[in-house]
Structure formats: C-alpha cells, structure tokens
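None of the figures in this text is laboratory data; all of them are computed from the coordinates on show. Note that the coordinates shown come from a computational prediction; the quantities given were computed from them, not determined experimentally. Here the Cβ is made from the backbone with ideal geometry for all residues, glycine too, and neighbour counts use every protein chain on show.
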Amino acid sequence: MQTTELFRIALGLAEPWVVSKIEFSESQRQLELWLDFPSGSRFACPECGRDGCGVYDSSPRTWRHLNFFEHKTLLHARQPRVECPDHGVKTVEVPWARSGSGFTLLMEAFILVLVQGGMTAAQAARLIDEHDTRLWRVLQHYVEQARAEADFSKVTAVGVDETSRRRGHNYISVFMDLEEEHSRVLFVTEGKDAGTVRRFKEDLQAHGGKAEQVEEACLDMSAAFIRGLKDQFPNVHLTFDNFHLMQLLGKAVDEVRRQEQRTHPELKRTRYVWLKNEWNHTEEQARIFDELKSSHLATVRATHIKSVLQDAFSFDDVEDAEPFLKRWYFWATHSRIPQIIKAAKTIKEHWDGVLRWFTSRITNGVLEAINGLIQSAKRKARGFRSTSYLITMVYLIAAKLDFKLPPLTLATHTK
Ligand SMILES: [Zn+2]
C-alpha cells in the first residue's frame, strides 16, 4: 500500500478526496499532507444538495490537524466552489473541518477535551503551540452552537449567583437549574442587576422554558435579584439558603477579625481558622483554634454565633426551626458585635425566604458544586482577560452542553 493511500484511510477521506502529496520534515518537526480531488470531480450543491455539480473554481487553504506524534500536522487542500443551476456559485464544505475554521474537526475536538478536562485555555494553547485567542474562538463557537440546541422546557427551580472576573471587577450572574437530576448552568450574563434576571427570562423562553413554571428560586439577599425574580416570575417562591447565609456570616466574622487584629496581633493570618468549619481545619488551623477558642475575643464569639446559625438547618421542619432561629436572632442582636448585629438584621428582613428553605429544600449541593467548579477555573486561569472568556468557560465546565463533535478515536469523515 502506498503511504498516500494509508493516510487517506487514516483520515477517513472518502471519494473524491485523495492524499496527493506528503512532506515530512524532521528538522521542522512537521508533517504536511496535501489533499486533492481529481479534475472532473463533481460535488453536491451545499444549498440544495443537488448532486453532480461541476467545480467552478477553488482556492488553497490550510488546516491544523492533530499532531502526528510530536510533529505538527498541517492539511493543505484547494477548497472547491461549485456552480449549481439554481443557486449559482457556492463554496463546498470540506469533510474534515467546519467552514471558517483553521483547525480540523478532530483538532477542535481535542481542544475541547483538554479544556473540559481541566486545562486552562492558556495551557492548552501552549500544549498545541497556538495563540490562545485562536482557541477561544473555537471554544466560543462550540458553546454558542450547543447552547442554541439546549432545552430548558422542564426548568422549575433556579438558582442565581454572582462572581467576578477579578476580585471586585466585572461581575457576571450565573443562573442554574437546581433540579438534582438535570443540574447545570442555564445562562450566564454580565452584570448583577435586575436587568440580568430579565435577560435570563428571555433566554429561558427562547429555549422552551416557561416563566410561570418556575416555582422556586434560590439566591443571596441581593435586592436586585429579589426584585428581578419577583417581577419576571409570577409564581416564584424565594429561598435564601444556608450557603448564602453562611457567606453573609462569614463576611461578618472576617470583618470582626480584621478590626480586632489591630489590638490582638495573635489573630493575624488566621482568616481561614474562622471561615472554615472545624471539621475542615488543617492541623495548624486546629491548633490555633484550640488555643484561642476559650478567649474572650469578639472573633471567637462571632464564629460561635455563625456556627449555631448553621445548626438551624439540621431541623426537619419549619415548626422546630423557626423558634430556634428566633432565639438565635435575639442572641446575635445582643452580642454587642456590630458586624454580627447587622448580619442578623439582614436575615430578619428576609425572614420568609430563610424559612422557605425548610419547605423548598432547594439543594445547596448543586449550587456549591457549580460554584466550586467556577472558582477553581478562575484560580487556575488567575483571572480572565475578558468577561466573555469567563462566560465561555462557565458554560464549558458547568452547562452540560452537547458539542456534537466527532469522538477523538474516529478520523475525519465525509458524512
Ligand atoms: Zn443548489
């Protein structure tokens, strides 16, 4: 068998495509394949599918393919245009790449596998020796295409959370489907105002969802989200879950510690001693905690108040939980720690939504899992160059999209 024929089979090329030339450069670590069709070949019209249209002209193009071992592999071919009696001159798609891309389909599949597997775009770009801007274009294309097909018709419980590209900059809002069996990110958009909720509703409806069908929503106590959800979703009940309540109390505890460490230097560099739950402490953190826990530091008292609030969520029903929460509120507001009093009052202002959790049982698991994925992607990428890259990444790792790409075990194929 000739080498060209071998490569034709390996690439899965069908009639009329053949491998016409191969050049292998050891010094440049590069393999180049020229693909071609014999003169007189005919192609179907891309518009109507009419078979046997004659080639009008062609133009040379190059695609980056999967490496051949450590050798960069390029495919060259002349891309034909046919002349259809009904549609005139039309460009014929080549079977190994989608139109407009400089990568073959298999190369694009490989890029997606790398990034979904946990690499940053920058790492994947380094691995295949391309600029990451080219990779982002590929990733954005597949996200867009797969999102167009996504079905939101069964969505009844949603969660919304915000995060930023960099600390304190360029916020995005992430809307999630909280049903355990189809938990995923539904929609991501810039901003964290009431307008983001309106855009979410439009997107939900564009994907077959219904606003009246959404009965539960889980969120932090942001006024913009509360107003937006009430305005856009007529049947929604709001839940302020313990994940967000713990965030609120965690922030208060941290503020107490930062203020107190000015007069109590032993509190310096102990941030996570107070933010983490005891059972998650490292040995060192546990040692510091044991040392300080019986002191009269406001940080210690604030941490205690926070952990007792967490206990409220182990009650089975609201009849037991509410009296407990009322006692907690009284205790917290008499703590003489301003940051804790403020947090307790915020909870009181959102009382119905805090209690709603005991009915809706909206799962923190989904919310926390998705949040964890996003935070870890941000850490790995050390922030994102643009908000649109962050949005693309969130969809890639947490939207459970179907990218309809050829499996990497298959070669390029004509159909
Ligand atoms: Zn046609």
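Across region 236-261, which residue is nearest to the chain's Cα centre (by Cα) among those that are of a type in the set (S, T, N, Q) and surrounded by fewer than 21 Cβ atoms within 10 Å (Cβ to Cβ)?
247
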- prompt: Residue check: is residue 295 closer than 24 Å to residue 186 by Cβ and surrounded by fewer than 21 Cβ atoms within 10 Å (Cβ to Cβ)?
  reply: no
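Kindly indicate whether any position in region 10-25 is within 16 Å of the ligand (Cβ to nearest atom) and of a type outside the set (Asp, Glu). Quick ask: steps written out before the conclusion?
Of all residues in region 10-25, those within 16 Å of the ligand (Cβ to nearest atom) come to none.
Within region 10-25, none of the residues are within 16 Å of the ligand (Cβ to nearest atom) and of a type outside the set (Asp, Glu).
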- prompt: Consider residue 125 against the criteria (1) part of a strand (DSSP E or B); (2) touching an Asp or Glu at 6+ places or on another chain (Cβ under 7 Å); (3) within 30 Å of residue 378 (Cα to Cα): it satisfies all of them except one. Which criterion is unmet?
  reply: (1)
- prompt: So which of 266, 215 ends up being farther than 24 Å from residue 358 by Cβ and acidic (Asp, Glu)?
  reply: 266
statement: Within region 26-47, of all residues that are within 16 Å of the ligand (Cβ to nearest atom) and in a loop (DSSP other than H, G, I, E, B), the one surrounded by the fewest Cβ atoms within 10 Å (Cβ to Cβ) is 47
statement: Just one listed residue, out of 50, 61, is more than 27 Å from residue 384 (Cβ to Cβ) and not in a strand (DSSP E or B), and it is 50
- request: Report, by residue number, each residue of region 129-169 that is crowded, with 16+ Cβ neighbours inside 10 Å and in a strand (DSSP E or B).
  value: 157, 158, 159, 160, 161, 162, 163, 164, 165
- request: Could you look through region 209-235, keep only residues that are part of a loop (DSSP other than H, G, I, E, B) and within 21 Å of the chain's Cα centre (by Cα), and pick out the one that is surrounded by the most Cβ atoms within 10 Å (Cβ to Cβ)?
  value: 219
task: Quickly run through region 174-204 and pick out the residues that are without any contact (Cβ under 8 Å) to a residue 60 or more places away in the chain and of a type in the set (Gly, Ala, Ser).
output: 191, 194, 195
- prompt: Of all residues in region 80-96 being exposed (fewer than 14 other Cβ atoms within 10 Å of the Cβ) and assigned to a strand (DSSP E or B), which is nearest to the ligand (Cβ to nearest atom)?
  reply: 88
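For region 272-307, enumerate the residues that are within 17 Å of residue 245 (Cα to Cα) and either basic (Lys, Arg) or in contact (Cβ under 8 Å) with a residue 24 or more places away in the chain (or both).
First pass over region 272-307, keeping only residues within 17 Å of residue 245 (Cα to Cα): 274-277, 302-307.
Of everything in region 272-307, those that are within 17 Å of residue 245 (Cα to Cα) and either basic (Lys, Arg) or in contact (Cβ under 8 Å) with a residue 24 or more places away in the chain (or both) turn out to be 274, 275, 276, 277, 302, 303, 305, 306, 307.
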